[in-house]
1. Which of the residues that make up segment 19-78 are among the aromatic types (Phe, Trp, Tyr) and part of a helix (DSSP H, G or I)?
2. State the number of residues belonging to segment 30-53 that are of a type in the set (A, V, I, L, M, F, W, C), open to solvent by less than 30 Å² (accessible area, probe 1.4 Å) and at pLDDT 90 or above.
3. In the list Gly61, Gly80, Gly24, which residue meets the criterion of being surrounded by 15 or more Cβ atoms within 10 Å (Cβ to Cβ), without any contact (Cβ under 8 Å) to a residue 12 or more places away in the chain and small (Gly, Ala, Ser)?
4. Just to verify a result, which residue in segment 111-129, among those that are of a type in the set (Ser, Thr, Tyr) and open to solvent by 60 Å² or more (accessible area, probe 1.4 Å), is nearest to the chain's Cα centre (by Cα)?
5. Only residues in segment 98-124 that are among the acidic types (Asp, Glu) count as the first member; pair them with residues that are surrounded by 17 or more Cβ atoms within 10 Å (Cβ to Cβ), Cβ under 8 angstrom, at least 6 apart or cross-chain, and list the lot.
6. Sort out which residues of segment 94-105 are exposed (fewer than 12 other Cβ atoms within 10 Å of the Cβ) and closer than 15 Å to Val29 by Cβ, and write them in order of number.
7. Which residue out of Leu108, Leu91 is open to solvent by 30 Å² or more (accessible area, probe 1.4 Å), among the hydrophobic types (A, V, I, L, M, F, W, C) and outside any helix (DSSP H, G or I)?
Amino acid sequence: MNDLPPSSSAPNAVVYALGSMTLGLTVAVVRSVLMRDWSHPSSAMIPVSILAAFCFAWLYGLWRRLNWLRWTTVVLGALGCLGARWSLALLHDPIQVDLYWVQFVTTLVTVTFLLLPSSRDWYVKRVVS
């Protein structure tokens, strides 16, 4: 468990990773909005709202220096990139394909920055009393 509060002195690698992930998660929410049947707004809005809240909580957890969440992000991001070929095969809308590629690139950037030594050090540092 990390004892340090979030710090504005996060290394650039962490800032870039979180920025890239923010973009990727925003695109995920946009893709979800585009896939919904908006002729029934109430049933379309609930999953989009849940996804947006989940994305915000994930980013907040990374900012709070939850190292287990950093590793979860790395593993799931790597698996997502490895599965891109099959995910793309399921998409037929050109806009969805383009947005998927944006997510793919942001995931690669996020995982790369989270694996850098400066990110690792920031996530594992603890206050020694």
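1. Across segment 19-78, the qualifying residues are Phe54, Phe56, Trp58, Tyr60, Trp63, Trp68, Trp71.
2. 1
3. Gly61
4. Checking each candidate, the answer is Thr112.
5. Asp121/Pro11
6. Passing the criteria: only Ile95.
7. Among Leu108, Leu91, only Leu91 is open to solvent by 30 Å² or more (accessible area, probe 1.4 Å), among the hydrophobic types (A, V, I, L, M, F, W, C) and outside any helix (DSSP H, G or I).
Conditions tested, residue by residue: (1) under 14 Å from the mean Cα position of the chain (by Cα); (2) of a type outside the set (Gly, Ala, Ser).
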residue: Leu69; (1), (2): yes, yes
residue: Ala78; (1), (2): yes, no
residue: Gly83; (1), (2): no, no
residue: Leu90; (1), (2): no, yes
residue: Asp93; (1), (2): no, yes
residue: Val97; (1), (2): no, yes
residue: Tyr100; (1), (2): yes, yes
residue: Val105; (1), (2): yes, yes
residue: Val109; (1), (2): yes, yes
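The values are calculated or read from the model by the stated rules, or taken from the named source; none is laboratory data. Quick caveat: nothing in here was measured; it's all calculated off a predicted structure. Ideal geometry is used to build each Cβ from the backbone, glycine not excepted, and the neighbour counts take in all protein chains shown. Ligands, DNA and RNA are excluded from the accessible area calculation, which covers all protein heavy atoms including side chains. Shrake-Rupley method; radii C 1.70, N 1.55, O 1.52, S 1.80 Å.
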